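One structure is given here, and the rest of the page talks about it.
Where a number appears in this text, it was derived from the coordinates with a stated rule and is not lab data. Since this is a predicted model, take the numbers as computed values, not measurements. Neighbour counts are summed over all protein chains in view; Cβ atoms, including those assigned to glycine, are modelled from backbone coordinates with ideal geometry.
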Amino acid sequence: MTSRKRSPHDFIFKEELGHGSYSTVFKALDKKSPNKTYAIKVCSKKHIINEAKVKYVTIEKNTMNLLAQKNHAGIIKLYYTFHDEENLYFVLDYAPGGELLSLLHRMGTFNDLWTRHFTVQLIDALEFIHSHGIIHRDLKPENVLLDKDGRLMITDFGAAATIDSSLEKDSARCNSDGNSINDSHSCASFVGTAEYVSPELLLYNQCGYGSDIWALGCMIYQFVQGHPPFRGENELKTFEKIVALDYPWGPNKRLNNSTPAINPLVINLVRKILVVEVNERIPLKLIKRHPYFSKIDWNDKAKIWRGIWE
Ligand code: ATP
């Protein structure tokens, strides 16, 4: 972060990259260093207030600010925030590769090489997020963007929460205002996306690092199957499937396919993650030691963060 306050006039706004429920994101160039491309998220103040989104915007800003100080390759960095009469502006890393979900839709499913590549980067980034006492709470392939070389970057921290570090990790209590709370089993009301929500949130209104690990398991399944594991005709049916651990293993549906069946080690890993009882769910440190990652040197960050299209 620079000390001088930036303003929209410091940037050349280019094409729209997409929009969310309370924001529109534009590609933008810094007038002072035009070689640097950013994504600027523009949030209408009126809309934020009318739609009662102030809390989410505040969480997003605070969480991204905190993570930006440490600069992890797998997390979209927040460079500047400023506002004018109408809008709030978040100046972010630009992810030219778009959403991981779009890539998955184009491919049908990922082959074993790509599944391992994205899973390893997700684990490394998630471990970093958790090491700062933050639960993302809305991990899903739409919230994972890609750089030009196919490295992933986690974004959308609007649903994030902080952990009360005095509590046991996976049963830790949280709230989404950034403070610890003493009311046991309390957590903010349902946030996130139905297909990736953890059973402990549905059953006990609890969330913790384990909830992100559950979402990771859903994503790994989706990489090899092409769709999330739990999907009902409506949210209620999806929730029923989640708590009943009702998900199928079907054939790998790769488009232009020459790939054989799903690696049994992926199935084994997903089964260890998608465990309803959070205390029995495999934690990140043991996921890293799973045989699916036997050839991964978790200390070799350069290798972990190499691009797949480089
Ligand atoms: P919601 O807020 O409703 O959950 P969202 O998180 O997708 O939706 P935004 O964060 O405003 O909303 O993002 C809108 C779209 O802009 C995204 O779907 C993505 O395609 C694109 N986008 C967001 N951030 C970036 C970025 N840093 N680089 C490139 N594209 C981005």
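Things to note:
- For the chain, a Gaussian network of Cα nodes joined below 10 Å ranks Glu233, Glu15, Glu280 by mean-square fluctuation, and the top entry is Glu233.
- Each peptide among 78-84, 37-43 gets the average number of other Cβ atoms lying within 10 Å of its residues, and from highest to lowest they stand as 37-43, 78-84.
- Dipole magnitude of the chain, debye to nearest 20 (Cβ charges: Lys/Arg +1, Asp/Glu -1, about Cα centre): 880
- Hull shadow area, averaged, region 28-145 [alpha-carbon convex hull, nm²]: 9.0
- Among Pro96, Pro291, Pro199, the largest mean-square fluctuation in a Gaussian network model of the chain, built with springs joining Cα atoms closer than 10 Å, belongs to Pro291.
- Cα-based shape type of region 20-63, given that a ≥ b ≥ c are square roots of the gyration tensor eigenvalues and the cut on a/c is 1.5: prolate
- Prolate/oblate/rounded call for region 199-298, Cα gyration tensor, a/c under 1.5 rounded: oblate
- Cα long-axis angle, helix 112-131 against the chain (0 to 90 degrees, to the nearest 10): 60
- Among residues other than Gly97 with Cβ under 14 Å from its Cβ, the summed charge is -2 (Lys and Arg +1, Asp and Glu -1).
- Candidates Ser102, Ser33, Ser211, ranked by Gaussian network fluctuation over the chain, Cα under 10 Å, top entry: Ser33
- Estimated FRET transfer efficiency (Thr24, Asn71; beta-carbon r; R0 35 Å; 0.05): 0.85
- Simple rule: put +1 on each Lys or Arg Cβ and -1 on each Asp or Glu Cβ in the chain, find the dipole, and look at Asn234, His83, His47; the Cα lying farthest toward the positive end is His83.
- Positive-end extreme of charge dipole, region 198-293 - chosen from Leu201, Val278, Leu216 (charges on Cβ): Leu216
- For region 1-158, a crude dipole built from +1 on the beta carbon of Lys and Arg and -1 on the beta carbon of Asp and Glu, taken about the Cα centre, is about 420 debye to the nearest 20.
- Rounded to 10°, Cα long-axis angle of helix 209-225 versus longest principal axis of the chain: 70
- Cα radius of gyration and Dmax for the chain (Å): 19.4, 56
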